[in-house]
Structures are given as structure tokens and as C-alpha cells.
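One structure, as C-alpha cells, below. Some questions next.
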Amino acid sequence: MVSHTFMMEEGSRDTAEEYQMTSAEVLADAFGRVRDVVHRVLDGLRREQLAARLDGEANSIAWLVWHLTRIQDDHVAGVAGTEQVWSSGGWVERFDLPLEPADHGYGHTSAQVASVIVDSESLRDYYDAVHEVTLAYIAGLTDSDLDRIVDERWDPPVTLGVRLVSIIHDDVTHTGQAAFIRGILERR
């Protein structure tokens, strides 16, 4: 555990207190912040707004949120040794995208990006299902678990801690892009 002065969330207290925060709690907080942005980005958008692209080669909000969720689902399932929510939760059938079931968007062409057309409720529900599985997995981790090698294809090999931070980085990058697109659409 890391001992540090922790400022309570706004409105809960005016003073700082000493708090023992675990690595799992730090990770859960980061994933929770991503969830908040995903919800704000999707809130109230219609299907055509989600599919809008700033130009013919740009990603849409729908594709960005679907992709970040697919990557998180794929990578967490990979390190946890579980089936992806995409398949186990019936999301492949619900979304009915013209893509292979294992597809998560990496390397998509412009036409493939354009094919990700979904409604905000389904996208939010799939994201939330992946988020809950992610939090449940993280809750069981100890600091020493984060040193476990999960991918030897890299030099140096990737640890669980590095993989989870990589997922968060990908999520933050894509939620930022989606929020930017939403802002542009709202100004038009």
C-alpha cells in the first residue's frame, strides 16, 4: 500500500487525511474516471450523431467508444483468463455489426469505421458491462500481482501493471477524441 495524503472528493470533507490507498484502488479510480467521460460523451446523442465523422477518414464517436470498450474487454479477459463480455454477454448478436466477432477495431479501414453504427444506450450498456468486469478483476489484485508477466512478445516483457496502465491510456486517448468530436458537433 502507498501511504500518502489523500484529498477527499469535493464536498465530502474540507481537510486532508492520511489514507492507505492500494494499487487496485488507484486503477479502479482511473477506470471510473474513464466511465464518467464515456457516459458524458454518449449522453443524449442520437444514432446519426454517434456515426458522424468530421471528414471521410475520421473516426466517429460510436467507433471510438466501441473500440476502446472492445480493447478493454479483450485485454482484461486476456490477463484474467476469462471469456470476453462481447461474446459471453451476447453483445456480438445485439450489435450485429458487419465485422468478425473477434474484431476490436485495430487497423480498421475507413469503411469498417463507418460500419460501426449503434445507439447510445447499447454502447453505454456494453461499456458498463465491461467496466463492471474490469472492476471485479482489479478488486482481487495485490501489488505483487502487477509484476506478473502477461505478454512475452515485447522486450522487455509486459507486466500486468503495464498492461492495465496501457488499457487506461488507450481509454483516455479515445474518450478525449470522442469528447472533442462531440464538442465540434454541438457547435455546428
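We did not get these values from a lab; they are worked out from the coordinates using the rules stated. Nothing here was measured: the structure is a model prediction, and the numbers come from that model. When we count neighbours, we look across all protein chains shown, and the Cβ atoms used for this are built from the backbone with ideal geometry, even at glycine.
Using R₀ = 41 Å, calculate the FRET efficiency as 1/(1 + (r/R₀)^6) where r is the Cβ-Cβ separation of ARG46 and SER166; round to 0.05.
0.80
Also, quick follow-up: What residue among PHE180, ALA139, TRP91 has its Cα farthest toward the positive end of the dipole of the chain, where the charges are +1 on Lys, Arg and -1 on Asp, Glu, each on the Cβ?
It is PHE180, whose Cα lies furthest towards the positive end.
Here's another thing I want to ask about it. Say R0 is 22 Å: what FRET efficiency, to the nearest 0.05, do PHE180 and VAL26 get from their beta-carbon distance?
The computed FRET efficiency comes out at 0.25.
What is the gain in length, in nm to one decimal, between ASP155 and GLU121 on full extension, counting 0.36 nm per residue of separation less the C-alpha to C-alpha distance?
The ASP155-GLU121 span can extend by a further 8.2 nm.
Hey, got the dipole for the range 52-171? About the Cα centre, +1 on K and R Cβ, -1 on D and E Cβ, debye to the nearest 20?
Dipole about the Cα centre, nearest 20: 80 debye.
Please compute the length gained on full extension between GLN112 and ARG148, using 0.36 nm multiplied by the number of residues separating them and subtracting their Cα-Cα distance.
Length gained between GLN112 and ARG148: 9.5 nm.
To make sure I understand, if each residue's beta carbon is the centre and we count other beta carbons within 10 Å, what order do PHE31, PHE180 fall in, fewest to most?
The fewest-first ordering by Cβ neighbours comes to PHE180, PHE31.
Report the equivalent ellipsoid semi-axes for the range 95-134 in whole Å, largest first, defined as the square roots of five times the eigenvalues of the gyration tensor built from alpha carbon atoms.
Result for the range 95-134: semi-axes of 20, 13, 9 Å.
I'm a student and want to see the number: the projected area of the Cα convex hull of the chain, averaged over all directions, in nm².
Answer in nm², one decimal: 12.7.
While we're looking at this one, here's another question. Going by C-beta contacts inside 10 Å, put VAL118, VAL162 in order with the fewest on the left.
VAL162, VAL118
Springs between alpha-carbon pairs under 10 angstrom, Gaussian network model over the chain: which of ALA30, ALA51, ALA136 fluctuates most?
ALA136
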